[in-house]
Structures are given as structure tokens and as C-alpha cells.
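Following: one structure in C-alpha cells, then a few remarks.
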Amino acid sequence: MNHSRLLPLAVAGLVACAREAPVAPAASLGGLAFSAVSAVAPSSGRYLVVLKTGQGSSDALRAALQQGGGRLEGLHEDLGFAVVSEITAEGAKGLGQASGVMAVEPDIEFTLDQVSETEALDVSDLGLESAASPQTASQYARQWNMRAVAADAAWAHGFLGSSNVTVAILDTGIDYLWPDLAGRVDLSRSISLRPDEDARLTFWFGALGRHPITDLNAHGTIVASIVASNSNLFAGVTSRTTLIGVKVCIVFNSCSTAAILNGIVYAVDHGADVINMSLGGGFPKSAAPGFVSVINRVFNYANKNGTLIVVAAGNEGMDIDHNGNIYNTYCNSTHVICVSATGPTAAPTSAGPFTNPDAVAPYTNFGRSGISLAAPGGGVTTANAFVTGPCSSTALAWFQPPPPTPDAPPPPPVIVGAGCPLPGLFLIRGAGTSFSSPHVAGAAAQLVALLGRGRPSQIRAALQNSADDLGAPGTDPFYGRGRLNVARAVGAIP
């Protein structure tokens, strides 16, 4: 299930090198490509280990790994699972025979696909940081999305979020040095759960001393900046929320299901009030019973410990109500807010006017049983945008050649110039439910600041009860309980 469409837009004729993952034939809608089918593949060398209940499972697992080799990426005996990597299929079979081990299932990787366009950005068109007045961000005119959810009305009443509230971004990482995010990311609690990406980061940019959550893709950075931003270039739903990055996806567009489960537990245990997951897919329930059972346990654990999880609905145009034996990750999971996408049907310029911003996005998944809320994701001719520049880790990474496969060793880096190789700024535009979800996560952070921590059910209800009821009255298959209204949720407007 591909939850976003990223469009790198380079200035001065420089086109960033976006890697396109193999996906099903896509329809072209106003220049944006939308895949019809999720690209799913087993991950090489990473496995989910389902443990038997009772004491001693962890000791047995460690002993088996010591004997047969492999890396232990995560161990959660109380939740009955572990994540291991760097083992062969034969090694996994042997691991499954160890005492204390119930099952060993291959990890599933889901892809994020990308396409490229170009658009010039006037580098002189930059404003001053104004976290107290997000609407003064230099590119705010493009942000139909913030106006659609009445975030501006919330800001006008002083609802800017709180640094005491934490939102975890499970994604490709965060470009934490970017001006809109500088100081917003708690690096002491951020972590990479992708050792394969850590090696790539060290190989390419080791001399820069970057934190392992450094985003080499841009997806996670866009998502994070929608939740919270310093409002230099673009405004976020909040401007004071604390972010933590949990890297579970790699630069070459694949996300690990096992790492995601590991990451949810990590985020909960490290104080995340809200978790945003703009990723996922679908798999046959009968083919991965271990994953289904562990997913349920992990999501129940988050809810029990007071953490709200917000997830993207997916971009396949799929009816979640009638998907047979498919487990839709993660709209079929318990206690989540699953967010579908809306977006304008037309916009003659990047600053509008925007026609019907509440239109159902043509790519979004839908279904009364799954969709909780709708929020801006981008329409046929419009998208959410993020500006990056010459020293950005994203920009640097895109000038590196991709390996033959995501699991292959990284090739030698291409040095395009000293220090900052690009001569200007460029836009990363994205359309997809990936960018709907963080609008809701940002609103949830606002409510945590108002209502207090550890109340996921109350916050979920408040968001749904305050939404604008669009589509069919009540619960609608496309809008769920309605399109997010930030100002009404926080009580800024009746």
C-alpha cells in the first residue's frame, strides 16, 4: 500500500534523482502518478520471531542466535515477539526449532514510489521564522491544506501546541537540521531501527556526523513538518510540539513491517503521546498469522499505555470493507485513527485559487469499517509541499547513485561539489494519504496539550466529534466521521 507520491522539483534545471520503485501500472492524474496495487516483497534477512509465553524465551532466542548467527534488532518478551536480521532462510528455519520460539515469519517490506518533475523556486522568496504566527511563513500561500482544516483559526486563538507533548514519526527519518524543524526534534529519544540504512548513511556522509535518523528520502521530513514546524518556509499544524524520529524505512522507498512493530514499542516506551504512521500495506491474513497476532498485541500495548496511533489509509482506491482476506496495515488494527485524503480538484497557480479543497482524493482508500477521519492529502492538480536546499541530507542523498537492489551494498558516493553542491532551493511535493495523517496527528497533539496525557480514547472521540460532517450524514465511507477541523477540536470556534 503506497501511502504517498513524492515529486522532487529542482531549480536551475537540476532534476533530483528520484528512485522509482517497481509498482503496478499507474494512472496519470494531472501529473501525479497513483499506483493501483501495493508493491509488497519479503525483506532479505529480517524476520519476525513469535515467542512462546512464559519465562526463558529470550534466553533461548539469544542462545540460538549466538550459535547460528544473526542480529537481534528488538526483543519484547512481554509482548511475545522479537525482530532478527542478517540470517538466511535456512538459519530462520533453524531458529524456529529453538525452544521458546513459536514461529519465525519473513519480514514484509512495503514500497513508497516516487516520480519527478521540475519547478523553479525563487530563492529570494524566503521569510523570517515566526513560530508564534505560522501564517507568516514564506510559502503559506500554497498551504490550502492548513486553511481547509481551520488550523489558521486555531493559531489565531493561541493554539500552537506544547513542547511537553511528543509526536513520534515512524518513517524514513527526519532532516532535523532543516530550518522549519531545527530544535523541534528530540535527538536523545530518536532512533534508527534500520541497520542497513545506518551503514549507508555512514558510508555516504559519515564525515558530517549526522544522527542516524537523518532522512535521505524526504518522505519522513515532509510528514514531520506537517505535524510541527517553525514556520520559516511552511507552517505546520502546530509550532511547538516536540518530535522524535523513529526510522523504519530506507532511502530506496521500502519500509519494514517488523521494524515498524519494533518502533511502536520503542516510541511508547520513550514517552510518545502520539505516533504518526504514514506507511503500511496489506497482506493475506492466512499467510502471516504471526504478524496479525503481534500487530494486535502491539497496538493494544500502545493504547493501554496512553499513546494514540494515527495511520494513513493508503492510496490504492481500495474498498477496505470488501477486501477479502487482506489485512490492511494499519487501518484494520485496533485503537487507531485511520485517515483518508481530500484535495482540490483544480488550482491555476501554486497559490490558488483552490477549487473544492474538500473533494475526495481520487487515490484514497475508503470504507466505513476503516476510515475514521479525512484530512488534506492532495488532489489531482495540487499537493503538499516542502522546500529543501543545498545542505539538506535529502538533497545530498538524491545525488548518490542507487544500488541494484535495496539490499545491495551502497555504491561509491558521487561528490557533486564541496559542502553544498546545489546552487539553490528546490521543492519536494507530495500527494497521498501519507500527508493526510500528520494533519490529524498534529491536531491530536494540540488536544493532548489541552486534555492531558494518556487519554487516547478521549482524544480520538474529540477529533471525530468535532469534524465537519461531509459526504453522507454520519459515518461516510470516504470521510469517516468527517473532515478534520483543528479549530473546532481545540474549542477555538463553536
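Things to note:
- Residue within segment 334-353 that is assigned to a strand (DSSP E or B) and surrounded by fewer than 16 Cβ atoms within 10 Å (Cβ to Cβ) present: yes
- Checklist (1) under 13 Å from the mean Cα position of the chain (by Cα); (2) within 25 Å of Ala489 (Cα to Cα) applied to Cys331, failing item: (1)
- Under the condition of being farther than 20 Å from Val448 by Cα and touching a helix residue (DSSP H, G or I) at 6+ places or on another chain (Cβ under 8 Å), the residues counted in segment 214-234 number 10.
- Residue within segment 409-421 that is at pLDDT 95 or above and not small (Gly, Ala, Ser) present: no
Rundown of residues vs (1) over 13 Å from the mean Cα position of the chain (by Cα); (2) basic (Lys, Arg); (3) closer than 19 Å to Asn276 by Cα, yes/no style:
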site	(1), (2), (3)
Ile191	yes, no, yes
His219	no, no, yes
Ala224	no, no, yes
Ala228	yes, no, yes
Arg240	yes, yes, yes
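- Just one of the numbered conditions (1) surrounded by fewer than 24 Cβ atoms within 10 Å (Cβ to Cβ); (2) at pLDDT 90 or above is not true of Arg194: (1).
- Taking segment 2-100 and the strands (runs of 3 or more DSSP E) fully enclosed by it, the elements with 1 or more residues that are under 21 Å from Phe291 (Cβ atoms) and at pLDDT 65 or above are at 40-51, 71-76, 81-85.
- Residues located in segment 266-293, provided they are touching a helix residue (DSSP H, G or I) at 6+ places or on another chain (Cβ under 6 Å) and buried (at least 22 other Cβ atoms within 10 Å of the Cβ): Asp273, Val274, Ile275, Asn276, Ser278
- All of Gly474, Gly430, Gly442 fail the test of being in a loop (DSSP other than H, G, I, E, B), small (Gly, Ala, Ser) and assigned by TED's automatic domain parsing to the domain that holds Ser372, apart from Gly474.
- In segment 445-471, of all residues being of a type in the set (A, V, I, L, M, F, W, C) and not in a helix (DSSP H, G or I), the one that is surrounded by the fewest Cβ atoms within 10 Å (Cβ to Cβ) corresponds to Leu470.
- Any hit, segment 314-330, residues being touching a residue at least 12 places away in the same chain (Cβ under 8 Å), crowded, with 19+ Cβ neighbours inside 10 Å and in a helix (DSSP H, G or I): yes
The values are calculated or read from the model by the stated rules, or taken from the named source; none is laboratory data. Quick caveat: nothing in here was measured; it's all calculated off a predicted structure. A quick note on method: Cβ atoms are made from the backbone with ideal geometry, for glycine too, and the neighbour counts reach across all protein chains shown.
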